[in-house]
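**Q** Have a look at this one.
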Amino acid sequence: MVKPSRPLGVVLALLLPVLLALTVTAPARAAAPGTAAKQYLVSGPATAGQRTAVARTGAAIDAVRPDGTLEVSAIPSEIAAIRKLGHTVTVLAAPKPSATAAATSYHTFAEMQASLNATVAAYPQIARKVVIGQSYQGRDIVGVKISDNVATDENEPEALYIANIHARERLTAETALDLIATLTQGYAGNTRIRDLVNTREIWIFPMVNPDGQVYDMTSDTQPGRMWRKNRQPAAVDLNRNFPYRWGCCGGSSGNSGSETYRGPSAESAPETRVLTNFVRSRVVGGRQQIKVFLDIHSYGNLVLWPFGYTYSDTVPGALSADEEATHRTIGRQLAASNGFTPQQASDLYITDGTTDDWTWGDQRIFSFTFELGGGGFYPAPSRIDALVAGVRDSLLRMTEYADCPYRAIGKQAQYCSA
Ligand code: 0X9
Ligand code: CA
Ligand code: CA
Ligand code: ZN
């Protein structure tokens, strides 16, 4: 009988941590050597026009710092173009793996599904699970409907919330799950919530880019994955793929390597199509039932409204003065509640093919985008509760406006009396 020799055991014991460390720190598989997007700081741009010029290179502007410095995700060709504009560019350190570790309180895709299943089991009268389609890799795009008599499509104004369309924006899914918990757990004891649930039909989809989310989170042990897009072979920025003025205005990229790649055609991405078809399916008797829409992103502490494709505040036939004033007034009230900065989306920089330009431009749903706080895509898990609590009231406020958004400007009699 051969006993393992002590020296071999010692060698293995010494080597094991080294081997594990090598495995864990192996570099992420890049699309092609030297072409992967990284995060950079860009100083120089000070106006929306100058930020748009940066965005036109295809770089994703992740945040605007208080001093005006941009945090961008970009590929080398875009960085070269940004330098050509005369700006100063420095590389940002990738978030440490520990800062993104999955063994935290951020929900995995499976945990999110389990949470929805538990909610609908616990509150079957007011919460129903809805699967509206599948992602490119076949994962369910899943959410909940919350309302009284939830199994019945009642004649009640509807509100729609989506989150995590950008894979790495993890706080957004937590925010959507928190809204689901607030509405279901608060129903019995909180009259504001009971009234809302009884008089609205509220749709909440916490992870509308599940393939990207799983990819981003599976790679937690590898620094700097920072995934944004979906997982088609030529990965698409879903928030540039919506079919309203798609690719019109330099607010997206035609380069499939870019973080803002708009795809080969409008709604080419399966995830986009699942969302647009769901929204279209809410047209009942010729009327869009969804009255308010929120797309939750991170980070930047912003409340945004359409349009993003043009600097114009109003557009003949597409955004009237009253419609603009309604967006602006509600947007400012939401911002007053959560402490964010309210502005038209294009005040930040021009984008085209975004969710909210389509939900307003094509469907006439009053539409908003939040950029949550946190200062990065992966706030420390210990901060999740406070960050999520900070927007709770603003989310309820938006749902309250579903009865008649024009109420915000005192014109409910003119627009909502029928
Ligand atoms: O660029 C985006 O898609 C959003 N920023 S993020 O850092 N989350 O990627 C902002 C979009 C703003 N424009 C519109 N909502 N129209
Ligand atoms: Ca109902
Ligand atoms: Ca209905
Ligand atoms: Zn985003």
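Laboratory data are not the source of any read-out in this text; all were calculated from the coordinates shown. All values derive from a computational prediction rather than experimental measurement. No Cβ is skipped: glycine too gets one built from the backbone with ideal geometry, and neighbour counts run over all protein chains shown.
**Q** Let me spell out the model: positive unit charges on the Cβ of Lys and Arg, negative unit charges on the Cβ of Asp and Glu, origin at the Cα centre of the chain. What dipole size does that give, in debye rounded to 20?
**A** Dipole about the Cα centre, nearest 20: 1020 debye.
**Q** Okay, next question. What is the helix-to-structure angle for 321-338, meaning the angle in degrees between its Cα long axis and the longest Cα principal axis of the chain, kept from 0 to 90 and rounded to the nearest 10?
**A** The helix 321-338 is inclined about 50 degrees to the chain.
**Q** Mind jotting down a quarter of the surface of the convex hull over the alpha carbons of the chain, in square nanometres, one decimal?
**A** That works out to 24.4 nm², a quarter of the Cα hull's surface.
**Q** Would you mind telling me the antiparallel percentage of the DSSP bridges in the chain, rounded to 5?
**A** 55 percent
**Q** I'd like to know how the range 301-417 sits against the 2.2 N^0.38 Å rule of thumb: what's its Cα Rg over that expected value?
**A** Normalised Rg, Cα atoms only: 1.10.
**Q** Taking Cα atoms, how many degrees apart are the long axis of helix 170-185 and the longest axis of the chain, rounded to 10 and kept between 0 and 90?
**A** 50 degrees
**Q** Provide the net charge surrounding Pro124, with neighbours chosen by a C-beta distance below 15 Å and charges set as Lys +1, Arg +1, Asp -1, Glu -1.
**A** Summing Lys/Arg as +1 and Asp/Glu as -1 gives +2.
**Q** Moving on to the next point. Cut-off 20 Å, label point 7 angstrom out along Cα-to-Cβ of Cys404: give me the residues of the range 284-302 whose amide nitrogen falls inside.
**A** Flagged as within label range: 287-293.
**Q** Considering Cα pairs under 8 angstrom that are at least six residues apart, work out the relative contact order of the chain and quote it in whole percent.
**A** Contact order relative to length: 18 percent.
**Q** In what sequence, highest mean first, do 284-294, 260-270, 363-373 appear when ranked by Cβ atoms within 10 angstrom?
**A** Packing order, densest peptide first, comes out as 363-373, 260-270, 284-294.
**Q** Please compute the length gained on full extension between Asp153 and Ala386, using 0.36 nm multiplied by the number of residues separating them and subtracting their Cα-Cα distance.
**A** That pair, Asp153 and Ala386, stretches by 80.4 nm at full extension.
**Q** Find out how many positive minus negative residues lie around Arg65, taking Lys and Arg as positive, Asp and Glu as negative, among other residues whose Cβ is under 14 Å from that of Arg65.
**A** Its environment carries a net charge of -3.
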